[in-house]
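Enquirer: Questions regarding the structure given below will be posed in turn.
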Amino acid sequence: DYVKSFLKKKINEIKDDFNLIKERMNVNKITSPVLPIRQCLWQLILRCLQFKGNYWARHLPPAQTEDFCKSFDQEINSLIKEAIEIDPDNLTPFSQQRIRLPIVKQGIGVRELNSRRHSEFIGGFQQGVVPILNITTEEGITRKGRLHTPTMIEIFGESLFNSDQNNESSPWRHFLQNNPDSAFAKGLTEAWSEIKSESEAIDNDLNKTINANDILNNNVEKAGFSVKGKVIKGSVTHVLTENLEAKRHELLHHIMKSTTNALLSPTHREKLSFINCDMFSAQFLIALPTSTGILPNKVLLEMFPLHIGLPSPAMRPFVDEPHYIGHLQQQVDEFGDSVGRTQLAGGDFIRSHGEMQTLMNDIF
């Protein structure tokens, strides 16, 4: 009850902070076109605000943080809507899956804390326990733990994290067998069960067999360790998240080619935007509002829909009733394609594209 009430209080504090940010960065109050308010708010979300809930997801079992993480995700979505006028909750299932991916995997880099809480907890728990006990490295060097006491040995076992690469080990076996009713043992089991279940479900959708060398297919006694049960170098949370996101990304590519998946079946425009997305076209997502990277508010509102395959906001007033443009009287469409390629007096898309192409060839 204490943890539940504490997290409820904490999410209310976060909500108040986010409301203050929305008030201070309200584009309707700060009307100067020179100030890239939407870009500034987006960069705050991308680089800072989306991580405000990580601490509690990392240090508490998943069963205790589910409501907190769901509420936190809703608050982040409200900030996204304020920044780019797109509500993630109203996107198609395909786009919802896509935007939660990192930018390098054709997403927009804002992950859901509710899905990340499992890898956060395992990473936090594993990297919190490992430094406690003595560790013998492959070279036979013993690294002294911070709290290598009889009590800790009784809980976790004496040679839990020794790095003998010739033998497989199950680091959590002693802990899980001797403390099955502890909150952390249950949290470890639940978190790993969720990660492994999603991994297996994706492999099944991809028609892949179980890969014994995939750490996501480890049993719970090796959760967060290598397939041999050894300590992973670097951040465990990062390794688990990266592996799971790679599978999600591969699944989206598989869905693109499939005609049988009705649940996540993308529209033609979503397919085009996904196929043609690369790190060059995604630079606007990470561009800082400096002298060479400022994106005016109206420009940013056009770039996000284009990036994920949504209709152009600028075209909304012209699609309810037929409107035509150019010498050939092309009808204006909701994505603005006809506007982009129409021939107008004083210049047209083809000529402008040719000039830009020549410029880029000269640069590279």
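The values are calculated or read from the model by the stated rules, or taken from the named source; none is laboratory data. Just so it is clear, the model here is predicted, and its values are computed rather than measured. Quick reminder, even Gly has a Cβ in these numbers, built from the backbone with ideal geometry, and neighbours come from all protein chains shown. Ligands, DNA and RNA are stripped out before the accessible areas are found, and what is left, the full protein with its side chains, is counted by its heavy atoms. Shrake-Rupley method; radii C 1.70, N 1.55, O 1.52, S 1.80 Å.
Enquirer: Over the chain, with every protein chain in place, what whole percent of the accessible area is carbon and sulfur at 1.4 Å, could you tell me?
Expert: Values: 10810 of 20250 Å².
Taking all protein chains in place, the chain shows 53 percent carbon and sulfur surface.
Enquirer: What accessible surface, in Å², does a 1.4 Å probe find on GLU242, ignoring ligands, DNA and RNA and rounding to the nearest 10?
Expert: Approximately 90 Å² for this residue.
Enquirer: Here's a follow-up. Mind giving me the nanometre distance, one decimal, between the label points for GLU250 and LYS271, set 7 Å out from Cα along Cα→Cβ?
Expert: In this crude label model, GLU250 to LYS271 measures out at 2.3 nm.
Enquirer: Is the shape of the range 1-106 best called rounded, prolate or oblate, per the rule: a/c under 1.5 gives rounded, else a/b larger than b/c gives prolate, else oblate, with a ≥ b ≥ c the square roots of the Cα gyration tensor eigenvalues? Write out the running numbers ahead of the final one.
Expert: Details: a/c = 2.27, a/b = 1.42, b/c = 1.60.
Oblate, because a/c is 1.5 or more while a/b does not exceed b/c.
Enquirer: Compute log10 of I(q)/I(0) for the range 203-250 with the Debye formula, placing one identical point scatterer on every Cα and leaving out solvent, at q = 0.23, 0.29 Å⁻¹, to two decimals.
Expert: Values returned for q = 0.23, 0.29 Å⁻¹ are -0.89, -1.18.
Enquirer: May I ask you to give the solvent-accessible area per residue for the chain, in square angstrom, as obtained with a 1.4 angstrom probe?
Expert: Numbers: 20250 Å² over 364 residues.
Result: 56 Å² per residue.
Enquirer: How much length, in nm to one decimal, is gained on full extension between ILE325 and GLU66, taken as 0.36 nm per residue of separation minus their Cα-Cα distance?
Expert: Details: separation 259, 0.36 × 259 = 93.24 nm, distance 5.14 nm.
Gain on extension, ILE325 to GLU66, equals 88.1 nm.
Enquirer: Also, I was wondering about something else. Taking the chain as the reference, fit the longest principal axis to its C-alpha atoms, fit the long axis of helix 297-308 to the helix C-alpha atoms, and give the angle between the two in degrees, 0 to 90, nearest 10.
Expert: For 297-308 against the chain, the angle is about 70 degrees.
Enquirer: Same structure again: Give the relative contact order (percent, whole number) for the chain; include only Cα pairs under 8 Å separated by 6+ residues. Please report the intermediate quantities before stating the final value.
Expert: On the way: 439 pairs, mean separation 58.2, N = 364.
After rounding, I find 16 percent.
Enquirer: Right, next: Per-residue ellipticity at 222 nm for the chain, helices alone: DSSP H runs ≥ 4 residues times -39500 (n - 2.57), over residue total, nearest 500 deg cm²/dmol?
Expert: After summing the helix terms and dividing by the residues of the chain, the value is -16500 deg cm²/dmol.
Enquirer: Mind grabbing the accessible area of LYS9 for me, 1.4 Å probe, Å², rounded to tens?
Expert: The accessible area of LYS9 comes to roughly 120 Å².
Enquirer: So what are the ³J(HN,Hα) numbers for the range 43-58, from phi and the Karplus equation (6.51, -1.76, 1.60; θ = phi - 60°), rounded to whole Hz, Gly and Pro as x?
Expert: Listing the rounded values in order: 5, 4, 5, 5, 9, 9, 5, 5, 9, 5, x, 4, 4, 6, 5, 7 Hz.
Enquirer: Rank CYS48, CYS277 by accessible area, highest first, at a 1.4 Å probe radius? Each step should come with its number before you reach the end.
Expert: Numbers: CYS48 65, CYS277 15 Å².
Greatest to least solvent exposure: CYS48, CYS277.
Enquirer: Separate question: Going by a ≥ b ≥ c, the root eigenvalues of the Cα gyration tensor, does the range 200-293 fall in the rounded group (a/c under 1.5), the prolate group (a/b larger than b/c) or the oblate group? Please list the in-between numbers first.
Expert: On the way: a/c = 3.82, a/b = 1.29, b/c = 2.97.
Verdict is oblate for the range 200-293.
Enquirer: From a point 7 Å beyond the Cα of GLU302 in the direction of its Cβ, which residues of the range 329-343 have a backbone N at a distance under 16 Å?
Expert: Inside the label zone: 332-343.
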